[in-house]
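Just below is one structure, and these are the notes that go with it.
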Amino acid sequence: DAGVIQSPRHEVTEMGQEVTLRCKPISGHDYLFWYRQTMMRGLELLIYFNNNVPIDDSGMPEDRFSAKMPNASFSTLKIQPSEPRDSAVYFCASSLKTRRFFGPGTRLTVL
Amino acid sequence: RKEVEQDPGPFNVPEGATVAFNCTYSNSASQSFFWYRQDCRKEPKLLMSVYSSGNEDGRFTAQLNRASQYISLLIRDSKLSDSATYLCVGGLGGNEKLTFGTGTRLTIIP
């Protein structure tokens, strides 16, 4: 099993640009989660899906953030426009029961 | 008050020593508890679940104290490879949102 796959692994962009992060969950997992991790705030849940349906997006910081899951094997998190305070590591995780399997993360730097 | 709180450390412990850290949770209805381990610049990985009766996995012991609303992690005979950040996790049960603590950084010193 390849595990959760995320791309890109690193992204450096300029303020105002659109950023799209991608995630492929583990096959057969019915939950998908997007997290953001910073030194100050730790690991924060942004949004999660169950069977491709968004269940709770209360953690999404503002309207600049959006997430989609068009099918069971793919999800995107988009930031438009990006700001320097969005700089963080973004993790995607999937699960079948309570155990979360995390992807390697995307390290985002917004200049 | 944060849902899950941990001492961020760092804990600097000599190799072979025993180290313990606690994590408190605020929601008394929480049912599911875990410890995750995160190595530097890596993703979090499940270390162990925490059961009401406590559980042990080799050198690691996790316990739950519902009366005082905390969970603990004990590491015996610490190894250099135990150096990592340990994340405390709590939730209401099922597969809904789990809340992660900010982590306790542990460094084992040779």
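Report the local net charge at A:R64: Lys and Arg +1, Asp and Glu -1, summed over other residues whose C-beta lies under 10 Å from its C-beta.
On the way: positive: A:K78; negative: A:E18, A:E62, A:D63, A:E83, A:D86.
Around A:R64, the surrounding residues sum to -4.
Quick one: 3J(HN,Hα) in Hz for segment A:61-75, Karplus 6.51/-1.76/1.60 with θ = phi - 60°, rounded, Gly and Pro as x.
Working through the residues one at a time gives x, 6, 5, 5, 9, 8, 9, 9, 9, x, 7, 5, 10, 7, 9 Hz.
Could you tell me the relative contact order of chain B? Use alpha-carbon pairs under 8 Å, at least six residues apart, and round to a whole percent. Please list the in-between numbers first.
On the way: 272 pairs, mean separation 40.8, N = 110.
Reported as a whole number, the value is 37 percent.
Taking the Cα centre of chain B as origin, sum charge times position over the Cβ atoms of Lys and Arg (+1) and Asp and Glu (-1), and report the length of that vector in debye to the nearest 20.
Numbers: 12 positive and 11 negative charges, 32 e Å.
Its charge dipole is roughly 160 debye.
Put +1 on the Cβ of every Lys and Arg and -1 on every Asp and Glu Cβ in chain B; which of B:L73, B:P14, B:L92 then has its Cα farthest towards the positive end of the dipole?
Checked the options; the winner is B:L92.
Hey, what did segment B:64-110 get for relative contact order, percent, Cα under 8 Å, at least 6 apart? Please list the in-between numbers first.
Details: 49 pairs, mean separation 17.1, N = 47.
Over segment B:64-110, the number comes to 36 percent.
Go ahead and set up a Gaussian network model of chain B, Cα springs under 10 Å, then flag whichever of B:R76, B:R66, B:R41 fluctuates most.
B:R41
So for segment A:47-111, averaging the separation of alpha carbon pairs under 8 Å that are six or more residues apart and normalising by length, what relative contact order in percent results?
22
In the protein assembly as shown, with Lys and Arg counted as +1 and Asp and Glu as -1 at Cβ, which of these residues, A:Q6, B:N27, A:T38, has the Cα nearest the positive end of the dipole, that is, farthest along it?
Result: A:Q6, furthest along the dipole toward the positive end.
List the residues whose amide H sits under 5 Å from the amide H of B:Q31, counting only those 5 or more places along or on another chain, with H placed 1.01 Å from N in the peptide plane.
Hits under the 5 Å cutoff: B:G91, B:L92, B:G93.
Stokes-Einstein at 25 °C, 0.890 mPa s, Kirkwood radius from Cα pairs: D for chain A in µm² s⁻¹?
Numbers: Rh = 13.8 Å.
The diffusion coefficient I find is 178 µm²/s.
Rounded to the nearest 20 debye, what is the charge dipole size of the protein assembly as shown about its Cα centre when +1 sits on each Lys and Arg Cβ and -1 on each Asp and Glu Cβ? Write down the numbers at each step before the final one.
Details: 25 positive and 23 negative charges, 49 e Å.
The calculation lands at about 240 debye.
Taking the Cα centre of chain A as origin, work out the dipole magnitude from +1 charges on Lys and Arg Cβ and -1 charges on Asp and Glu Cβ, in debye rounded to 20.
Numbers: 13 positive and 12 negative charges, 77 e Å.
Value, rounded to 20: 380 debye.
Cross-link partners among lysines for A:K24, C-alpha distance below 30 Å, same-chain residues fewer than 8 apart left out?
Of all the lysines, those that pass the test against A:K24 - Cα under 30 Å, at least 8 places apart if same chain - are A:K68, A:K78, A:K97, B:K42, B:K45, B:K97.
Strictly under 4.7 angstrom between C-beta atoms: which cysteines of the protein assembly as shown have no such partner?
B:C40 - these cysteines have no disulfide-compatible partner (Cβ-Cβ under 4.7 Å) in the protein assembly as shown.
Every read-out reported here was derived from the displayed coordinates using simple, explicitly stated rules and does not represent laboratory data. Note that the structure is a prediction, hence the values are computed from the model and not measured. All Cβ positions, even for glycine, are placed from backbone atoms using ideal geometry, and neighbour counts span all protein chains on display.
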